[in-house]
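**Student:** Pasting a structure here, questions to come.
Quick note: the coordinates plus some simple rules give every number you see, no bench work behind them. The model shown is predicted, which means the values in this text are computed figures rather than measured ones. Every residue, glycine among them, receives a Cβ derived from its backbone with ideal geometry; neighbour counts consider all protein chains shown.
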Amino acid sequence: MKIIIPIYIGVLLFSSAAIYGQVETGSLEKQKDSTQIMYYIVEGDTIAREMINLDEVYLMKKVKFMTEEDQRRYLILRRKTRKVYPYAKLAAERLTTMTERLKTIEKNSDKRRYTKLVQNYIEGEFSEKLKKLTHTEGQILVKLIDRQTGRTTYDLVKELRTGWRAFWYNTTASLFEISLKEEYKPFEVIEDYLIEDILERSFRDNILERQAPASPINYLDLVARWNKKRVNN
């Protein structure tokens, strides 16, 4: 049986509230002291529970714009963010896999060989698409890589050297004019805050697949911070 609580989208830069989401459940009943108690079995589990834990989601309000130009810029940012996020997600996944794998490899020659295999996979999958990124899309991607991996693209290139150096400097020519040291700071930079808002809305609408950032970001605290800045200004 699915327990579903609908989520309505309502106004950015105002308060948001947490509500519960959706889980798959089954139920069975047991008599205890003449009181009917409902037990639940969560799909994939074998233990009956009196309570079930639901994923927390946010009641997000509709974005409100001061001008048509603000709306236009937001929509452009949304399109670009949704376009490049999958690449940042892939980078985080491959980095995690590669890091764990390299820990088990003793010989440096074998490590270089494995790193090259990962590089070739990424290039074969996305190089042609990445070559077509605009300057702005490339900069957003650099920020999102920092969000997902906890390290700037510059640090990754420096650390992993040959594989990622070729990937960023040779394969992705459009990134030459981009600062690879750019960090993701949604609590400080308004564009990064808007990117985070776009991501949350895209996750809620199943447009993008959620991947936890390297460092937790409390969306409610983020909204509250920018609401306060808005009021003070």
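**Student:** Rounding to the nearest 20 debye, state how big the charge dipole of segment 66-233 is about its Cα centre with +1 on each Lys and Arg Cβ and -1 on each Asp and Glu Cβ. Write down the numbers at each step before the final one.
**Tutor:** On the way: 34 positive and 26 negative charges, 76 e Å.
The dipole of segment 66-233 has a size of about 360 debye.
**Student:** Evaluate the distance, in nm, between pseudo-label points positioned 7 Å from the Cα of Asp155 and of Ser179 along their respective Cα→Cβ axes.
**Tutor:** A separation of 1.6 nm, rounded to one decimal place.
**Student:** Simple spin-label model, 7 Å along Cα-to-Cβ: Ile207 to Lys116 in nm?
**Tutor:** Once both label points are built, they end up 4.1 nm from each other.
**Student:** Another question, if that's okay. Which is farthest toward the positive dipole end of segment 66-233 among Gly138, Asn227, Tyr193, measuring Cα position about the Cα centre, with Cβ charges +1 (Lys, Arg) and -1 (Asp, Glu)?
**Tutor:** Gly138
**Student:** Write down the Kirkwood hydrodynamic radius of segment 66-233, to one decimal in angstroms, obtained as one divided by the mean of 1/r over all alpha carbon pairs.
**Tutor:** Hydrodynamic radius (Kirkwood, Cα only) of segment 66-233 equals 17.1 Å.
**Student:** Between Glu128 and Leu59, 0.36 nm times their residue separation minus their Cα-Cα distance comes to what?
**Tutor:** Gain on extension, Glu128 to Leu59, equals 21.0 nm.
**Student:** Please give me the summed charge of the neighbours of Lys107: other residues whose Cβ is under 15 Å from its Cβ, Lys and Arg +1, Asp and Glu -1.
**Tutor:** +4
**Student:** Provide the gained length on full extension for the span Glu93 to Thr67, in nm with one decimal, where the gain is 0.36 nm per separating residue minus the Cα-Cα distance. All intermediate terms of the calculation are to be shown ahead of the outcome.
**Tutor:** Working: separation 26, 0.36 × 26 = 9.36 nm, distance 3.87 nm.
Between Glu93 and Thr67, full extension yields an extra 5.5 nm.
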